[in-house]
Amino acid sequence: MRAVLILIDGARVDVFRELLERGDLPNIARWVIERGGLTTGTTVFPSTTGVAYIPFLFGRYPGSVGIPGIRWLDRRGAAGGWRAQWRAARSYCGVQGSLLNSDIAPAPSLFDLVPESIAICTPLTRGLGPNGNRIVLRRAVLGSAAHYLGTYPALDRAVAQAWLETTAEPWRFLFVVFPGVDGISHLTDPRHPAVLESYRLVDRALGAFVAQVRNQGRGEMPDFFIVSDHGMTVMRDHSDTANLLEESGVPTLRHPVHVWRRGARAATMVSGNASVQLYFDPRSGRDRPLTESEIPPVILEQLLALPAVQLAACRGDAGGVVVRTQNGRARLTEALGLVRYQPDRGDPLGLGGDVELDDRDLLSRTRETALPDAPRQLLQLFQAVRAGDLALAAAPGADFRESWEVPEHRAGHGSLIAEHMEVPIAASVALPDAPIRTVDLMPTILERLGVTVPSGVALDGVPFSRIADVMEPLVR
Ligand SMILES: [Zn+2]
């Protein structure tokens, strides 16, 4: 058995469906969806590139392996010398990008468990063999040119070419990443003609790959999985939280040139850019994150009053996670396999009141709300000690970064809102008749490849074939 996981970075599920219905993705329709199906899955919070790849390759939530965002602050390092301070202000967007691999807590990747793996154009490479990581140089050169000049089609074509070249080789798992949809959307709009053309490019690449496999008569077609790591929306309001804090007299540590901010009283670490995590007194050397009552109330209320903020979340004084809106407050806790949502003011997650449910049933319950899977996603984020003292998720149309975002993000992602959390999950194998998450892909692929998860390794996801079983006692 062989499997191919194709990641269309930033693909929106509704755009994907529209193109399919129009007949614009004929190869995906024929070789993937007609053999299996297509569903709307959900990703992780923060819904951003790199962080949201972790579920696919580790079967874990980012918070479970200590990665709270694409930028985060190492509280201890931030109190050190200038070099330590730079390193402590982690950002996987630039030269620190490769640290993502070593920052992820010890856990086997799909590449570790399937040594015959090849990956094309991925920032996550842990566990790949000596020749397993492809187009490394072209990814660096074409990737940075694309970032500034918008030349993503050249990068996507290099991916398609490298993918085609793998047909002559022995492998069991292929991970193929197309960055164009995300990159061009940021510069334009998620429905721009050039973005739609990037979806079609992936379809043509699949067609070429299938034709080559058939020509070679290499027996059965591999299993195909086509996914995205996050959705995307047009951004009208860049509500830069660092600028806002500075204007109200709070010196703020931030990327890229203010990582050495003198007398910093706060740090803002933006992901996506529609989410941000704040760390207070970042030079204190304090390792322990703050809980609700320790967060400066004036700053919290000022942030909650911003139209750009959908909600804020932090660790509760008595454990769990507290969710706040300007007029709302609720607690999230987990015990004995049940997640509990207890609003005491308003209803910040829009669940209609007190709810206590098993994980998968809660996913179903939240699936059609404006904040799908929010309880699980907030709980998983704050498992990470590295997560900020306070996390903000942006409202539709808003993000948290204006200064230094070159070129400007006209569209973005990173929040907990449905348009960012919903992703297409297409597979040439049967899909369960229940909601699924991106974290379910890795266990599904391992099962299809006949690879057993080593004992002692706990995954956050569940193979598709077992999701009906997991649901059964609740459906009863
Ligand atoms: Zn992006």
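The values are calculated or read from the model by the stated rules, or taken from the named source; none is laboratory data. Quantities reported herein were computed from a predicted structural model and do not represent experimental measurements. Quick reminder, even Gly has a Cβ in these numbers, built from the backbone with ideal geometry, and neighbours come from all protein chains shown. Just so you know, the surface numbers come from the protein's heavy atoms only, side chains and all, with ligands and any DNA or RNA stripped out. Shrake-Rupley method; radii C 1.70, N 1.55, O 1.52, S 1.80 Å.
The residue that is farthest from the ligand (Cβ to nearest atom), among those in segment 27-36 that are assigned to a helix (DSSP H, G or I) and touching a residue at least 24 places away in the same chain (Cβ under 8 Å), is W31.
Restricting attention to segment 199-240 and to residues that are hydroxyl-bearing (S, T, Y) and open to solvent by 10 Å² or more (accessible area, probe 1.4 Å), the residue that is modelled with the highest pLDDT turns out to be T233. Here T49 meets the list (1) modelled with pLDDT under 95; (2) of a type outside the set (A, V, I, L, M, F, W, C); (3) away from the ligand (no atom under 16 Å from the Cβ) almost entirely, failing just condition (3).
Taken across segment 10-26, residues that are touching a helix residue (DSSP H, G or I) at 6+ places or on another chain (Cβ under 8 Å), away from the ligand (no atom under 16 Å from the Cβ), farther than 15 Å from P424 by Cα and not in a loop (DSSP other than H, G, I, E, B) do occur, with at least one present.
Would you say L244 is crowded, with 18+ Cβ neighbours inside 10 Å and over 18 Å from T48 (Cβ atoms)? Answer is yes for this residue.
For every residue, the table says whether it meets (1) within 21 Å of L5 (Cβ to Cβ); (2) open to solvent by 20 Å² or more (accessible area, probe 1.4 Å); (3) away from the ligand (no atom under 16 Å from the Cβ).
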site: L371; (1), (2), (3): no, no, yes
site: G412; (1), (2), (3): no, no, no
site: L431; (1), (2), (3): yes, yes, yes
site: D440; (1), (2), (3): yes, no, yes
site: S455; (1), (2), (3): no, yes, yes
site: S465; (1), (2), (3): yes, yes, yes
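Helices (runs of 4 or more DSSP H) fully within segment 75-149 that include at least 2 residues being without any contact (Cβ under 8 Å) to a residue 40 or more places away in the chain and among the β-branched types (V, I, T): 136-149.
Just one of the listed residues (P435, P407) is crowded, with 20+ Cβ neighbours inside 10 Å and either in a loop (DSSP other than H, G, I, E, B) or on the phi > 0 side of the Ramachandran plot (or both), and it is P435.
Taken over segment 219-240, the criterion of being away from the ligand (no atom under 16 Å from the Cβ) and out of contact with any helix residue (DSSP H, G or I) (no Cβ under 7 Å at 6 or more places or on another chain) is satisfied by G219, E220, P222, R236, D237, S239, D240. Counting the residues of segment 271-325 that are hydrophobic (A, V, I, L, M, F, W, C), closer than 20 Å to P251 by Cα and either in a strand (DSSP E or B) or in contact (Cβ under 8 Å) with a residue 40 or more places away in the chain (or both) gives 9. A single entry from P153, P170, P190, P179 fulfils the requirement of being within 24 Å of the chain's Cα centre (by Cα) and either more than 16 Å from the ligand (Cβ to nearest atom) or more than 26 Å from R12 (Cβ to Cβ) (or both): P153. All of R365, R401, R386 fail the test of being in contact with a strand residue (DSSP E or B) (Cβ under 7 Å, 6 or more places away or on another chain), basic (K, R), open to solvent by less than 40 Å² (accessible area, probe 1.4 Å) and not in a strand (DSSP E or B), apart from R401.
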